[in-house]
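J.: One structure follows; several queries about it will come next.
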Amino acid sequence: MTAGGLPRVIVVTGTDTDVGKTVVTAAVCATLRAAGLRVTAYKPTQTGVGPLDTGDMAEVSRLTGVPTHEGVRLLAPMAPRPAAALEGATLPTLEDHLTTIEALSSDHDQVVVEGAGGLLVELTEARATLADLSGRARDCGVLVVARSALGTLNHTMLTREALWRRGIHELGVVLGSWPSDPTVIETSNRDYLAELPEGLLGAIPTGAPRLDPSAFRAAAAGWLPGLARRSAGAQRRETP
Ligand SMILES: Nc1ncnc2c1ncn2[C@@H]1O[C@H](COP(=O)(O)OP(=O)(O)OP(=O)(O)O)[C@@H](O)[C@H]1O
Ligand SMILES: [Mg+2]
């Protein structure tokens, strides 16, 4: 744990696919980097992209300038195990991912890991999930990305309960896309989440990924005040 109380490995999961994990991963990286920390991002399994396509890590690099890494990429836009089966690919094992994260951690202050889909999606042939990875990675905490709309409270609490039951350190919730004119339901959801212990770390305004990267980097810490507070107290390690 860094001096500010942030775990060295921050896993970004979501209540679903397409909730904004990639954009939140970028905002987390930009926030940590703005605090002077050496940051890298890792996507263990990237599905739905061809060999030359732009994946989530390329988007994180574009928005933030931090170095990024992928474990494996698969063509089919579906969960990693069936996607790998379709093309006869071999998935990295849980040990492979842990070794990669440990190696990245040895020369960065923070490693930000973006999951595929939600917390219990299987990443390996042996059916290890992102929850298993989070439970095994040294000095790790999990951030949950959620939608703002109706239905999000149930999905968010299901994900949080899955973390608690496994004894995994939860850092809090981030709303992936917060509209400029929220409905009463969205405001009520935000307020509910903010009052929970390990509640709301922040919200990304709608349109954030379309910002110029320099504007994105300058604004990110303001979107994630709960994380910025903790990263401000975090320190670079002398010998990474
Ligand atoms: N704050 C936002 N404002 C506008 N568009 C957004 C915002 N956040 C995410 N999006 C868009 O919504 C889509 C899904 O977001 P994103 O790719 O971050 O989701 P994800 O949870 O990472 O999905 P996956 O499970 O495929 O990794 C993308 O097209 C992204 O640009
Ligand atoms: Mg993504």
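J.: How many residues does the stretch 17-40 hold that are within 11 Å of ligand 2 (Cβ to nearest atom) and not β-branched (V, I, T)?
T.: Count: 4.
J.: Could you go through the stretch 97-117 and let me know if any residue there is within 13 Å of ligand 1 (Cβ to nearest atom), over 16 Å from G14 (Cα atoms), in contact with a strand residue (DSSP E or B) (Cβ under 8 Å, 6 or more places away or on another chain) and not in a loop (DSSP other than H, G, I, E, B).
T.: no
J.: Restricting attention to the stretch 21-39, report how many residues are within 15 Å of ligand 1 (Cβ to nearest atom) and either aliphatic (A, V, I, L, M) or surrounded by fewer than 24 Cβ atoms within 10 Å (Cβ to Cβ) (or both).
T.: 6
J.: Restricting to the stretch 24-53, give me the number of residues that are assigned to a strand (DSSP E or B) and among the hydroxyl-bearing types (S, T, Y).
T.: Initial filter on the stretch 24-53 (assigned to a strand (DSSP E or B)): 39-47.
Add one more test, that the residue is among the hydroxyl-bearing types (S, T, Y), and what stays is 40, 42, 45, 47.
Matching residues across the stretch 24-53 total 4.
J.: Hey, another quick one. Do you know which residues across the stretch 118-141 are within 16 Å of ligand 2 (Cβ to nearest atom) and either assigned to a loop (DSSP other than H, G, I, E, B) or of a type in the set (S, T, N, Q) (or both)?
T.: Selection gives G118, L119, V121, L123.
J.: Would you tally the residues in the stretch 122-140 being in contact with a Ser or Thr (Cβ under 6 Å, 6 or more places away or on another chain) and within 16 Å of ligand 1 (Cβ to nearest atom)?
T.: Selection size over the stretch 122-140: 3.
J.: Please determine whether any residue of the stretch 62-78 is within 29 Å of G226 (Cα to Cα), among the charged types (D, E, K, R) and in contact with a strand residue (DSSP E or B) (Cβ under 9 Å, 6 or more places away or on another chain).
T.: Within the stretch 62-78, one or more residues are within 29 Å of G226 (Cα to Cα), among the charged types (D, E, K, R) and in contact with a strand residue (DSSP E or B) (Cβ under 9 Å, 6 or more places away or on another chain).
J.: Give me the pairs, please: first residue somewhere in the stretch 11-36 and closer than 23 Å to L153 by Cβ and of a type in the set (D, E, K, R), second residue anywhere and assigned to a strand (DSSP E or B) and within 13 Å of ligand 2 (Cβ to nearest atom), beta-carbon distance under 6 Å, and either six or more positions apart or on two chains.
T.: K21/V12; K21/G14; K21/E114; K21/V145
J.: Suppose we keep only residues that are of a type in the set (A, V, I, L, M, F, W, C) and crowded, with 24+ Cβ neighbours inside 10 Å within the stretch 99-118. Which one would you say is nearest to V28 (Cα to Cα)?
T.: Among those residues, the one meeting the criterion is V112.
J.: Now, a different point. Looking only at the stretch 54-92, how many residues end up being under 21 Å from the mean Cα position of the chain (by Cα) and not in a helix (DSSP H, G or I)?
T.: The total comes to 17.
We did not get these values from a lab; they are worked out from the coordinates using the rules stated. Keep in mind the model is a prediction, meaning the values are calculated, not measured. In this analysis, Cβ positions are derived from the backbone assuming ideal geometry, glycine residues included, and neighbour counts consider all displayed protein chains.
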